[in-house]
Amino acid sequence: MTQLSRSVRGLTVLVTGAGSGMGRATAEVFAAEGAHVAVTDYDLASAQETAKLVAAAGGSAEVWRLDVSDKAEIDRVVGEVAARFGGIDIVVNNAGIANFLKIDDPDYDAVWDRTVAVNLTAHQRVIRAALPHLRRSASPRIINIASVEGMGATAQLSPYSSMKAGVIGLTRSLAVELGPEGITVNCICPGPIMTGMTADIEDADKVVFAKRRTALRRYGYPEEVAHVTLSLALPASSYVTGIAIPVDGGHMARNA
Ligand code: NAP
(Lines give C-alpha, C1' and ligand atoms only; values in the text may rest on other atoms or scores of the structure.)
Protein backbone atom coordinates (compact mmCIF):
# COMPACT_ATOMS: atom_id res chain seq x y z
CA MET A 1 0.00 0.00 0.00
CA THR A 2 1.10 3.52 -0.74
CA GLN A 3 -0.13 6.39 1.37
CA LEU A 4 -2.79 7.85 -0.93
CA SER A 5 -4.76 10.38 1.09
CA ARG A 6 -8.43 9.74 1.73
CA SER A 7 -9.01 13.30 2.88
CA VAL A 8 -9.60 16.72 1.35
CA ARG A 9 -8.43 18.44 4.55
CA GLY A 10 -6.50 21.58 3.69
CA LEU A 11 -7.36 21.42 -0.02
CA THR A 12 -9.18 24.27 -1.75
CA VAL A 13 -12.41 23.64 -3.64
CA LEU A 14 -14.29 26.15 -5.77
CA VAL A 15 -18.00 25.38 -6.16
CA THR A 16 -20.26 27.25 -8.59
CA GLY A 17 -23.97 27.65 -7.89
CA ALA A 18 -23.27 26.93 -4.22
CA GLY A 19 -26.15 29.03 -2.91
CA SER A 20 -28.71 26.27 -3.28
CA GLY A 21 -29.38 22.56 -3.72
CA MET A 22 -26.46 20.32 -4.62
CA GLY A 23 -23.94 23.18 -4.69
CA ARG A 24 -24.82 24.13 -1.13
CA ALA A 25 -24.64 20.50 0.01
CA THR A 26 -21.27 20.15 -1.74
CA ALA A 27 -19.93 23.19 0.12
CA GLU A 28 -21.20 21.79 3.42
CA VAL A 29 -19.79 18.29 2.86
CA PHE A 30 -16.34 19.52 1.75
CA ALA A 31 -16.14 22.00 4.63
CA ALA A 32 -17.12 19.28 7.09
CA GLU A 33 -14.16 17.28 5.75
CA GLY A 34 -11.77 20.17 6.37
CA ALA A 35 -11.47 21.67 2.88
CA HIS A 36 -11.26 25.41 2.24
CA VAL A 37 -14.44 26.15 0.33
CA ALA A 38 -14.98 29.00 -2.10
CA VAL A 39 -18.75 29.34 -2.16
CA THR A 40 -19.77 31.10 -5.36
CA ASP A 41 -23.23 31.86 -6.68
CA TYR A 42 -25.08 34.23 -8.93
CA ASP A 43 -27.05 35.34 -5.88
CA LEU A 44 -24.74 36.72 -3.19
CA ALA A 45 -27.30 36.42 -0.37
CA SER A 46 -27.85 32.72 -0.96
CA ALA A 47 -24.07 32.13 -1.11
CA GLN A 48 -23.74 33.98 2.19
CA GLU A 49 -26.47 31.76 3.66
CA THR A 50 -24.46 28.69 2.61
CA ALA A 51 -21.36 30.11 4.30
CA LYS A 52 -23.40 30.66 7.48
CA LEU A 53 -24.51 27.02 7.46
CA VAL A 54 -20.90 25.94 6.98
CA ALA A 55 -19.74 28.15 9.84
CA ALA A 56 -22.51 26.90 12.13
CA ALA A 57 -21.22 23.37 11.52
CA GLY A 58 -17.66 24.43 12.42
CA GLY A 59 -16.30 24.64 8.87
CA SER A 60 -14.86 27.58 7.00
CA ALA A 61 -15.99 29.02 3.72
CA GLU A 62 -15.63 32.30 1.89
CA VAL A 63 -18.12 33.79 -0.48
CA TRP A 64 -17.90 35.31 -3.94
CA ARG A 65 -20.69 36.48 -6.19
CA LEU A 66 -20.12 34.75 -9.49
CA ASP A 67 -22.39 34.73 -12.52
CA VAL A 68 -20.90 31.88 -14.53
CA SER A 69 -22.21 33.36 -17.78
CA ASP A 70 -19.78 36.27 -17.34
CA LYS A 71 -16.26 35.38 -18.51
CA ALA A 72 -14.60 38.42 -16.97
CA GLU A 73 -16.20 37.66 -13.62
CA ILE A 74 -15.04 34.02 -13.81
CA ASP A 75 -11.45 35.09 -14.47
CA ARG A 76 -11.51 37.64 -11.64
CA VAL A 77 -13.15 35.37 -9.05
CA VAL A 78 -10.95 32.36 -9.84
CA GLY A 79 -7.89 34.62 -9.43
CA GLU A 80 -9.18 35.98 -6.12
CA VAL A 81 -9.97 32.49 -4.76
CA ALA A 82 -6.49 31.25 -5.67
CA ALA A 83 -4.88 34.31 -4.09
CA ARG A 84 -6.96 33.98 -0.92
CA PHE A 85 -6.30 30.27 -0.35
CA GLY A 86 -2.89 29.93 -2.02
CA GLY A 87 -4.17 27.83 -4.92
CA ILE A 88 -7.10 25.76 -6.17
CA ASP A 89 -7.12 21.95 -6.02
CA ILE A 90 -10.70 21.06 -6.92
CA VAL A 91 -13.26 22.65 -9.23
CA VAL A 92 -16.92 21.67 -9.01
CA ASN A 93 -18.88 23.04 -11.99
CA ASN A 94 -22.35 22.82 -10.51
CA ALA A 95 -24.35 25.95 -11.47
CA GLY A 96 -27.14 25.19 -13.86
CA ILE A 97 -30.58 26.20 -15.11
CA ALA A 98 -33.43 24.21 -16.64
CA ASN A 99 -36.41 25.40 -18.67
CA PHE A 100 -39.14 23.31 -20.21
CA LEU A 101 -40.22 24.49 -23.67
CA LYS A 102 -41.26 23.05 -26.99
CA ILE A 103 -39.03 23.13 -30.05
CA ASP A 104 -41.45 25.54 -31.78
CA ASP A 105 -41.73 27.92 -28.81
CA PRO A 106 -41.06 31.54 -29.92
CA ASP A 107 -38.58 31.91 -27.04
CA TYR A 108 -36.60 28.83 -28.03
CA ASP A 109 -33.51 30.66 -29.30
CA ALA A 110 -33.26 32.86 -26.21
CA VAL A 111 -33.58 29.88 -23.86
CA TRP A 112 -31.09 27.87 -25.92
CA ASP A 113 -28.52 30.70 -25.80
CA ARG A 114 -28.88 31.19 -22.05
CA THR A 115 -28.68 27.43 -21.43
CA VAL A 116 -25.52 27.14 -23.54
CA ALA A 117 -23.96 29.99 -21.60
CA VAL A 118 -24.76 28.75 -18.09
CA ASN A 119 -24.78 24.97 -18.50
CA LEU A 120 -21.92 24.40 -20.94
CA THR A 121 -19.77 27.38 -21.92
CA ALA A 122 -19.32 28.28 -18.25
CA HIS A 123 -17.86 24.85 -17.49
CA GLN A 124 -15.01 25.21 -19.96
CA ARG A 125 -14.39 28.81 -18.91
CA VAL A 126 -14.16 27.98 -15.21
CA ILE A 127 -11.85 25.08 -16.04
CA ARG A 128 -9.63 27.23 -18.28
CA ALA A 129 -9.41 29.96 -15.64
CA ALA A 130 -8.55 27.44 -12.91
CA LEU A 131 -6.11 25.38 -14.99
CA PRO A 132 -2.88 27.21 -14.06
CA HIS A 133 -3.77 26.69 -10.39
CA LEU A 134 -4.83 23.06 -10.85
CA ARG A 135 -1.49 22.43 -12.57
CA ARG A 136 0.27 23.45 -9.36
CA SER A 137 -1.88 21.16 -7.18
CA ALA A 138 -0.65 17.79 -5.93
CA SER A 139 -4.08 16.24 -6.60
CA PRO A 140 -5.97 18.29 -9.16
CA ARG A 141 -9.61 17.37 -9.69
CA ILE A 142 -12.37 18.67 -11.96
CA ILE A 143 -15.92 17.50 -11.31
CA ASN A 144 -18.71 18.63 -13.63
CA ILE A 145 -22.35 18.23 -12.70
CA ALA A 146 -24.14 16.93 -15.79
CA SER A 147 -27.45 15.03 -15.57
CA VAL A 148 -29.17 11.81 -16.56
CA GLU A 149 -30.74 14.13 -19.18
CA GLY A 150 -27.36 13.94 -20.91
CA MET A 151 -27.82 10.17 -21.26
CA GLY A 152 -31.56 9.79 -21.76
CA ALA A 153 -34.09 12.53 -22.45
CA THR A 154 -37.35 14.14 -21.42
CA ALA A 155 -39.64 15.89 -23.90
CA GLN A 156 -39.56 19.70 -23.97
CA LEU A 157 -36.19 19.88 -22.28
CA SER A 158 -34.02 19.84 -25.39
CA PRO A 159 -31.71 22.81 -24.63
CA TYR A 160 -30.97 21.34 -21.20
CA SER A 161 -30.55 17.80 -22.49
CA SER A 162 -28.23 18.99 -25.28
CA MET A 163 -25.99 20.91 -22.88
CA LYS A 164 -25.81 18.05 -20.39
CA ALA A 165 -24.73 15.70 -23.19
CA GLY A 166 -22.17 18.39 -24.03
CA VAL A 167 -20.89 18.39 -20.45
CA ILE A 168 -20.33 14.63 -20.69
CA GLY A 169 -18.40 15.14 -23.95
CA LEU A 170 -16.35 17.98 -22.48
CA THR A 171 -15.55 15.80 -19.47
CA ARG A 172 -14.31 12.90 -21.57
CA SER A 173 -12.31 15.06 -23.94
CA LEU A 174 -10.57 17.01 -21.17
CA ALA A 175 -9.92 13.81 -19.22
CA VAL A 176 -7.97 12.51 -22.20
CA GLU A 177 -6.23 15.84 -22.85
CA LEU A 178 -5.27 16.56 -19.23
CA GLY A 179 -4.62 12.96 -18.18
CA PRO A 180 -0.89 13.16 -18.92
CA GLU A 181 -0.70 15.96 -16.36
CA GLY A 182 -2.44 13.89 -13.68
CA ILE A 183 -5.54 16.09 -13.71
CA THR A 184 -8.68 13.99 -13.41
CA VAL A 185 -11.92 15.15 -15.04
CA ASN A 186 -15.18 13.40 -14.22
CA CYS A 187 -18.84 14.18 -14.22
CA ILE A 188 -21.82 13.23 -12.14
CA CYS A 189 -25.22 12.66 -13.68
CA PRO A 190 -27.81 13.26 -10.98
CA GLY A 191 -31.28 11.86 -11.40
CA PRO A 192 -34.30 13.39 -9.69
CA ILE A 193 -33.03 15.33 -6.67
CA MET A 194 -34.91 17.52 -4.17
CA THR A 195 -33.49 20.98 -4.92
CA GLY A 196 -34.58 24.41 -6.06
CA MET A 197 -34.60 23.10 -9.63
CA THR A 198 -37.32 20.55 -8.87
CA ALA A 199 -39.16 22.62 -6.24
CA ASP A 200 -42.01 23.51 -8.60
CA ILE A 201 -42.89 19.86 -9.23
CA GLU A 202 -45.82 18.86 -7.02
CA ASP A 203 -44.93 16.38 -4.25
CA ALA A 204 -47.54 13.92 -5.52
CA ASP A 205 -46.02 14.03 -9.01
CA LYS A 206 -42.56 13.46 -7.56
CA VAL A 207 -43.80 10.36 -5.74
CA VAL A 208 -45.46 8.96 -8.87
CA PHE A 209 -42.36 9.61 -11.01
CA ALA A 210 -39.95 8.13 -8.49
CA LYS A 211 -42.05 5.01 -7.97
CA ARG A 212 -42.39 4.42 -11.71
CA ARG A 213 -38.90 5.35 -12.85
CA THR A 214 -36.26 4.78 -10.14
CA ALA A 215 -35.01 1.57 -8.57
CA LEU A 216 -35.02 3.14 -5.11
CA ARG A 217 -38.59 4.47 -5.58
CA ARG A 218 -37.77 7.93 -4.27
CA TYR A 219 -36.17 11.27 -5.11
CA GLY A 220 -32.61 11.77 -3.93
CA TYR A 221 -31.24 14.44 -1.61
CA PRO A 222 -28.49 16.95 -2.46
CA GLU A 223 -26.20 15.45 0.17
CA GLU A 224 -26.34 12.09 -1.61
CA VAL A 225 -24.85 13.70 -4.70
CA ALA A 226 -22.32 15.75 -2.72
CA HIS A 227 -20.83 12.61 -1.20
CA VAL A 228 -20.09 11.19 -4.64
CA THR A 229 -18.50 14.51 -5.61
CA LEU A 230 -16.36 14.30 -2.48
CA SER A 231 -15.35 10.77 -3.32
CA LEU A 232 -14.17 11.79 -6.82
CA ALA A 233 -12.24 14.70 -5.31
CA LEU A 234 -10.15 12.63 -2.89
CA PRO A 235 -6.43 12.46 -3.64
CA ALA A 236 -6.83 8.67 -3.49
CA SER A 237 -9.30 8.77 -6.40
CA SER A 238 -6.33 9.26 -8.68
CA TYR A 239 -7.13 6.53 -11.24
CA VAL A 240 -10.71 7.55 -12.04
CA THR A 241 -11.08 9.89 -14.99
CA GLY A 242 -13.33 10.52 -17.96
CA ILE A 243 -16.40 8.91 -16.44
CA ALA A 244 -20.04 9.96 -16.08
CA ILE A 245 -21.50 8.50 -12.91
CA PRO A 246 -25.27 8.39 -12.54
CA VAL A 247 -26.34 9.30 -9.00
CA ASP A 248 -29.94 8.63 -9.76
CA GLY A 249 -31.44 6.01 -7.46
CA GLY A 250 -31.18 3.51 -10.30
CA HIS A 251 -33.15 5.64 -12.79
CA MET A 252 -30.88 4.80 -15.74
CA ALA A 253 -30.71 1.14 -14.75
CA ARG A 254 -34.46 0.59 -14.63
CA ASN A 255 -36.44 -0.60 -17.63
CA ALA A 256 -39.64 -1.63 -15.88
P1 NAP B 1 -30.69 24.68 -7.73
O2 NAP B 1 -31.10 24.40 -6.34
O3 NAP B 1 -31.55 25.56 -8.57
O4 NAP B 1 -29.20 25.24 -7.72
C5 NAP B 1 -28.61 25.79 -8.86
C6 NAP B 1 -27.78 26.95 -8.40
O7 NAP B 1 -27.12 27.49 -9.56
C8 NAP B 1 -28.62 28.07 -7.78
O9 NAP B 1 -28.01 28.53 -6.60
C10 NAP B 1 -28.61 29.13 -8.87
O11 NAP B 1 -28.67 30.45 -8.36
C12 NAP B 1 -27.26 28.91 -9.47
N13 NAP B 1 -27.15 29.56 -10.75
C14 NAP B 1 -28.08 29.65 -11.75
N15 NAP B 1 -27.59 30.40 -12.75
C16 NAP B 1 -26.35 30.79 -12.37
C17 NAP B 1 -25.36 31.59 -12.97
N18 NAP B 1 -25.53 32.16 -14.16
N19 NAP B 1 -24.20 31.78 -12.29
C20 NAP B 1 -24.01 31.22 -11.08
N21 NAP B 1 -24.91 30.48 -10.46
C22 NAP B 1 -26.08 30.26 -11.10
O23 NAP B 1 -30.57 23.34 -8.55
P24 NAP B 1 -29.71 22.01 -8.33
O25 NAP B 1 -30.61 20.91 -8.66
O26 NAP B 1 -28.97 22.00 -7.05
O27 NAP B 1 -28.69 22.18 -9.56
C28 NAP B 1 -27.30 21.91 -9.46
C29 NAP B 1 -26.83 21.20 -10.71
O30 NAP B 1 -27.43 19.89 -10.75
C31 NAP B 1 -27.27 21.87 -12.01
O32 NAP B 1 -26.20 21.83 -12.93
C33 NAP B 1 -28.41 21.00 -12.50
O34 NAP B 1 -28.57 21.04 -13.89
C35 NAP B 1 -27.95 19.65 -12.02
N36 NAP B 1 -29.01 18.63 -11.94
C37 NAP B 1 -30.09 18.77 -11.11
C38 NAP B 1 -31.02 17.74 -11.00
C39 NAP B 1 -32.19 17.80 -10.05
O40 NAP B 1 -33.07 16.91 -10.10
N41 NAP B 1 -32.28 18.75 -9.17
C42 NAP B 1 -30.87 16.60 -11.77
C43 NAP B 1 -29.78 16.50 -12.63
C44 NAP B 1 -28.85 17.51 -12.69
P45 NAP B 1 -30.07 31.20 -8.25
O46 NAP B 1 -30.92 30.35 -7.36
O47 NAP B 1 -29.73 32.51 -7.67
O48 NAP B 1 -30.62 31.27 -9.64
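The values are calculated or read from the model by the stated rules, or taken from the named source; none is laboratory data. This structure is a prediction, so every number in the text was calculated from the model and none was measured. When we count neighbours, we look across all protein chains shown, and the Cβ atoms used for this are built from the backbone with ideal geometry, even at glycine. Accessible surface areas use protein heavy atoms only, side chains included; no ligands, DNA or RNA. Shrake-Rupley method; radii C 1.70, N 1.55, O 1.52, S 1.80 Å.
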With every protein chain present, what accessible area does Thr195 have (1.4 Å probe, heavy atoms only), rounded to the nearest 10 Å²? 30
Quick one: angle between helix 158-178 and the longest Cα principal axis of the chain, in degrees between 0 and 90, rounded to 10, please. 30
Checked segment 111-256 with the C-alpha gyration tensor, a ≥ b ≥ c its square-rooted eigenvalues, rounded below a/c of 1.5, otherwise prolate if a/b is larger than b/c and oblate if not; verdict prolate
On a 0 to 90 degree scale, rounded to 10, what angle separates helix 44-56 from the longest Cα axis of the chain? 60
Stokes-Einstein diffusion coefficient for the chain at 37 °C in a medium of 0.692 mPa s, Rh from the Kirkwood formula over Cα pairs: what value in µm²/s? 179
Per-residue SASA entry for Lys71, accessible area with 1.4 Å probe, Å² rounded to 10: 80
Percentage relative contact order, the chain, counting C-alpha pairs under 8 Å, at least six apart: 20
What is the spin-label model distance, in nm, from Asp105 to Thr2 if the labels are put 7 Å beyond Cα along the C-beta direction? 4.8
Residue (of Val228, Ala83, Val15) at the positive-pole extreme of the chain, dipole from beta-carbon charges: Val228
May I have the count of lysine pairs in the chain with C-alpha atoms under 25 Å apart, counting pairs 8 or more residues apart or located on different chains? 5
Counting only protein heavy atoms, what percent of the accessible surface of the chain is carbon or sulfur at a 1.4 Å probe? 53
What size of dipole, in debye to the nearest 20, comes out for segment 83-167 about its Cα centre when the only charges are +1 on Lys and Arg C-beta atoms and -1 on Asp and Glu C-beta atoms? 660
Only Cα pairs within less than 10 Å get springs; with that Gaussian network setup on the chain, which residue of Ala27, Ala61, Ala18 has the largest fluctuation? Ala61
Rounded to the nearest 500, what is the chain's calculated 222 nm mean residue ellipticity when only DSSP H runs of at least 4 contribute -39500 (n - 2.57) each, over all residues? -13000 deg cm²/dmol
Per residue, accessible area of the chain with a 1.4 Å probe, heavy atoms of protein chains only, in Å², comes to 47
Coil-residue GluC sites (Glu not before Pro) of segment 112-216, DSSP, other Cβ within 10 Å capped at 16: Glu202
With bins 5 Å wide starting at 0, give me the P(r) of segment 52-164 over every alpha carbon pair, in whole percents. 2, 11, 18, 18, 17, 13, 10, 7, 3, 1, 0
Let me cross-check His133: its accessible surface, 1.4 Å probe, with only protein heavy atoms counted, in Å² to the nearest 10? 40
Three-way shape label, segment 98-165, alpha-carbon gyration tensor, a/c 1.5: oblate
With a 1.4 Å probe and all protein chains in place, put Thr241, Thr171, Thr2, Thr121 in order of accessible area, largest first. Thr2, Thr241, Thr121, Thr171
Roughly how many Å is it from the Cα centre of segment 159-195 to that of segment 206-256, as a whole number? 14
Give me the dipole magnitude in Debye, nearest 20, for the chain about the Cα centre, with unit charges on the beta carbon: positive for Lys and Arg, negative for Asp and Glu. 820
Two-site label geometry, Ala55 and Ala256: point separation in nm, points 7 Å out along Cα→Cβ: 5.6
For the Cα atoms of the chain, what angle does the longest principal axis make with the long axis of helix 21-32, in degrees from 0 to 90, nearest 10? 30
Work out the length of the dipole vector of segment 100-227 about its Cα centre, built from +1 on the beta-carbon of each Lys and Arg and -1 on the beta-carbon of each Asp and Glu, and round it to the nearest 20 debye. 580
